[in-house]
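Enquirer: Here you go, one structure.
The values are calculated or read from the model by the stated rules, or taken from the named source; none is laboratory data. Since the model is a prediction, treat every value here as computed from it, not as a measurement. Cβ sites come from the backbone with ideal geometry, for glycine too, and all protein chains shown count toward neighbours. Accessible surface is based on the protein model in full, side chains and every heavy atom, while ligands, DNA and RNA are left aside. Shrake-Rupley method; radii C 1.70, N 1.55, O 1.52, S 1.80 Å.
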Amino acid sequence: MATLEELLTDYIKLKLPAAAALRVDQLAQISGGASRQTYRFRLSYEDRGKTVERRLILRRDPTNSLIDTDRRIEFAAYRAFYGTGVPVPEMLWLEEDPAPLGSPFFIGTELRGLQTAPAQMLMEPCASHLAEIAEQKWSILGRIAASGPRELGLVGPMEWVEPADCWKRELGYWEGVLDSDELIPQPIMRAAIRWLRYNPPPPAQKISVVHGDYRTGNFLFDEAGKIHGILDWEMSHLGDPLEDLGWSLNRVWCWAHDDRRGGLVSREQAIAIWERASGLKADPKALRWWELFATVKGQGIWVSSAHSWETGSNKDPILVLSSWWLMNSQDRAALELMGRL
Amino acid sequence: MRPRIEAVFQAVAADLLERLAPALSSSYQQGTVGMVATLLAIAAEEWDRAASRRIEENASIRDLFRDATPAIENSALRQRLMELSAADDRDFRVSALEANNCALRAALIDLHCYVEKEAGPDARRIEDKIWKELAKSTERRRLISAPF
């Protein structure tokens with residue numbers, strides 16, 4: 001049976017027919033989010049007498065994922081933002097046919113020598129640069145919000161939604177996830193969902209690309225605190241830009257175990273950076289709605305991860321960890337937002 | 001069982017994190033071992049309180065139902081709350097306590113929905129008690145390592 005390195009070599013030979021002495025090596029699985037298997041590898045070949053060496057990333061669908069997403073949309077989002085003010089790695093090939101590697105996948109460039117782990121960010125030398133990281137983090141999110149999905153070519157790959165319907169579509173989807181996947185009753189989340197339905201937000205001030213999982217842990221940074229890449233676009237979609245802001249402020253991302261959002265700065269500072277960069281206003285009532293919605297969405301993800309572990313063939317410990325570690329924090333975050341903690 | 005289960009889990013978790021994970025050459029394997037260690041640490045924290053927190057919570061929800069029942073005009077809901085509040089935890093295995101807890105919390109959701117739509121001081125009083133019980137439920141489940 002061919003190894004993954006051999007299968008990758010055969011696949012890339014078809015993509016680069018002019019390349020000679022093409023070789024894939026140093027293949028190693030890395031932690032790269034819970035929704036896809038992620039590997040780094042070295043690609044080398046001869047091109048018109050010159051040796052080319054590239055460090056690449058393979059993102060392959062697992063049998064059971066934490067998040068059920070469309071890899072085409074993730075690939076399209078990376079491609080759309082590449083070369084803009086939103087730093088992302090370059091994407092090379094998308095393959096939806098499971099034949100070459102056993103399941104669909106895509107390949108992009110690796111941004112090397114960088115970190116994503118919040119724990120690393122909170123230690124020196126990064127810990128001295130938290131304010132700068134925060135400035136970049138919410139400025140980049142502001143730029144995502146300010147960008148036009150039509151200009152990016154993402155209307156089509158991503159389903160259009162009317163400004164008045166953003167909240168209904170998202171809430172309906174994540175309530176459905178709770179309905180289908182919850183293993184134990186969720187009285188706090190059910191109360192939050194009722195509140196969200198009784199108190200809808202105003203229509204979105206514009207339709208933006210929503211990253212869908214914009215948080216500390218999903219960007220690559222160096223030791224000086226510079227952000228080099230925004231990752232994990234697998235839940236990206238079109239919607240209300242406040243959705244991403246609310247998600248980024250979720251209490252479960254308070255990695256420093258204090259009030260600093262994303263382990264970085266206060267909620268108010270984060271909002272001010274985002275408003276400055278996006279040119280948009282974070283209406284307090286609307287943002288509160290999206291923050292509470294973020295707790296429902298978060299719980300939907302933790303609930304479905306527990307469900308996947310119990311009912312599926314994927315026994316990755318991250319499915320258990322996210323559920324055990326975050327479900328109660330998510331409930332507490334919802335209670336706090338409803339003034340009931 | 002001695003040594004105590006939570007002490008064993010904590011020691012194994014520490015060993016995995018401090019001795020075994022650094023010895024692995026693959027960052028992916030290190031990450032996986034780190035996750036397993038964290039799961040053991042959470043299980044250690046939960047082990048000792050698993051039965052007691054469920055017994056406490058089940059009793060608290062049954063008290064709430066007993067208090068609420070006279071104010072419930074919906075006969076099906078009233079009957080369900082009466083039956084649940086008259087029951088007791090007799091099997092102290094965590095799985096049995098959890099099954100009772102799920103039945104009680106499912107009914108708590110229905111009671112919460114019901115009183116939210118009702119007017120009057122009784123409905124507000126019951127609603128307030130439900131919120132307090134929900135806040136307490138998150139205190140019972142808190143983990144030392146959790147972010148919030």
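Enquirer: Return the residues of segment A:177-192 that are at the interface with another protein chain (Cβ under 9 Å from one of its Cβ atoms), touching a Leu at 6+ places or on another chain (Cβ under 9 Å) and farther than 12 Å from A:G300 by Cα; say none if nothing qualifies.
Expert: Result: A:P185, A:P187, A:I188, A:A191.
Enquirer: I'd like to check something: does segment B:24-31 contain any residue that is surrounded by 14 or more Cβ atoms within 10 Å (Cβ to Cβ), modelled with pLDDT under 95 and within 27 Å of A:L183 (Cβ to Cβ)?
Expert: Checking segment B:24-31: at least one residue is surrounded by 14 or more Cβ atoms within 10 Å (Cβ to Cβ), modelled with pLDDT under 95 and within 27 Å of A:L183 (Cβ to Cβ).
Enquirer: Evaluate the following for A:G83: is it in contact with a helix residue (DSSP H, G or I) (Cβ under 8 Å, 6 or more places away or on another chain) and small (G, A, S)?
Expert: For A:G83, the condition - in contact with a helix residue (DSSP H, G or I) (Cβ under 8 Å, 6 or more places away or on another chain) and small (G, A, S) - is not met.
Enquirer: Given the options B:I61, B:I55, name the one that is more than 14 Å from chain A (Cβ to nearest Cβ), within 22 Å of the chain's Cα centre (by Cα) and modelled with pLDDT of 95 or more. Steps first, answer last, please.
Expert: Numbers: B:I61 fails: more than 14 Å from chain A (Cβ to nearest Cβ).
On inspection, the qualifying residue turns out to be B:I55.
Enquirer: Which of the residues that make up segment A:115-135 are open to solvent by 50 Å² or more (accessible area, probe 1.4 Å) and part of a helix (DSSP H, G or I)?
Expert: A:A119, A:Q120, A:S128, A:A131, A:E132, A:E135
Enquirer: Mind counting the residues in segment B:36-73 that are of a type in the set (A, V, I, L, M), buried (at least 20 other Cβ atoms within 10 Å of the Cβ) and farther than 19 Å from B:R141 by Cβ?
Expert: Total meeting the criteria: 3.
Enquirer: Hey, does segment A:145-161 have a residue that's within 30 Å of B:P147 (Cα to Cα), in contact with a helix residue (DSSP H, G or I) (Cβ under 7 Å, 6 or more places away or on another chain) and in contact (Cβ under 8 Å) with a residue 40 or more places away in the chain?
Expert: Scanning segment A:145-161, I find at least one residue that is within 30 Å of B:P147 (Cα to Cα), in contact with a helix residue (DSSP H, G or I) (Cβ under 7 Å, 6 or more places away or on another chain) and in contact (Cβ under 8 Å) with a residue 40 or more places away in the chain, so the answer is yes.
Enquirer: Is at least one residue of segment A:248-264 away from every other protein chain (no Cβ under 14 Å) and over 14 Å from the mean Cα position of the chain (by Cα)?
Expert: no
Enquirer: Are there strands (runs of 3 or more DSSP E) fully within segment A:203-306 with at least 1 residues that are open to solvent by less than 20 Å² (accessible area, probe 1.4 Å) and among the aromatic types (F, W, Y)? List them.
Expert: The qualifying strands (runs of 3 or more DSSP E) are A:219-221.
Enquirer: Restricting to segment A:88-110, and then to whatever is in a loop (DSSP other than H, G, I, E, B), modelled with pLDDT of 95 or more and within 30 Å of B:T38 (Cβ to Cβ), can you tell me which residue is nearest to the chain's Cα centre (by Cα)?
Expert: Per the stated criteria, the residue is A:V88.
Enquirer: Still on this structure, I have one more. Would you check if there is a residue in segment A:313-328 being away from chain B (no Cβ under 14 Å) and either open to solvent by 10 Å² or more (accessible area, probe 1.4 Å) or polar (S, T, N, Q) (or both)?
Expert: Within segment A:313-328 (the criterion being away from chain B (no Cβ under 14 Å) and either open to solvent by 10 Å² or more (accessible area, probe 1.4 Å) or polar (S, T, N, Q) (or both)), the answer is yes, since at least one residue qualifies.
Enquirer: Is it the case that some residue within segment A:213-224 is more than 20 Å from the chain's Cα centre (by Cα), touching a residue at least 40 places away in the same chain (Cβ under 8 Å) and closer than 30 Å to A:I107 by Cα?
Expert: Narrowing segment A:213-224 to residues more than 20 Å from the chain's Cα centre (by Cα): A:223-224.
Subset that is touching a residue at least 40 places away in the same chain (Cβ under 8 Å): A:223-224.
Now restrict to residues that are closer than 30 Å to A:I107 by Cα: A:223-224.
Scanning segment A:213-224 turns up at least one residue that is more than 20 Å from the chain's Cα centre (by Cα), touching a residue at least 40 places away in the same chain (Cβ under 8 Å) and closer than 30 Å to A:I107 by Cα.
Enquirer: Could you please let me know if B:K117 is more than 9 Å from chain A (Cβ to nearest Cβ), without any contact (Cβ under 8 Å) to a residue 24 or more places away in the chain and open to solvent by 40 Å² or more (accessible area, probe 1.4 Å)? Let's see the steps before the verdict.
Expert: On the way: more than 9 Å from chain A (Cβ to nearest Cβ): yes; without any contact (Cβ under 8 Å) to a residue 24 or more places away in the chain: yes; open to solvent by 40 Å² or more (accessible area, probe 1.4 Å): yes.
Taking the combined requirement at face value, the residue satisfies it.
Enquirer: Here is a further query. Out of all the residues in segment A:150-173, which are aliphatic (A, V, I, L, M) and not in a helix (DSSP H, G or I)?
Expert: Narrowing segment A:150-173 to residues aliphatic (A, V, I, L, M): A:152, A:154-155, A:158, A:161, A:164, A:171.
Selection gives A:L152, A:L154, A:V155, A:M158, A:V161.
Enquirer: Being open to solvent by 40 Å² or more (accessible area, probe 1.4 Å), assigned to a strand (DSSP E or B) and within 15 Å of A:L92 (Cα to Cα) is the filter here, so list the residues in segment A:1-54 that pass it.
Expert: A:R40, A:R42, A:E53, A:R54
Enquirer: Mind telling me which of the residues B:R124, B:R93 ends up being closer than 29 Å to B:W47 by Cβ and either surrounded by fewer than 15 Cβ atoms within 10 Å (Cβ to Cβ) or within 14 Å of chain A (Cβ to nearest Cβ) (or both)? Full working, then the answer.
Expert: Values: B:R124 fails: closer than 29 Å to B:W47 by Cβ.
Just one listed residue meets the conditions, B:R93.
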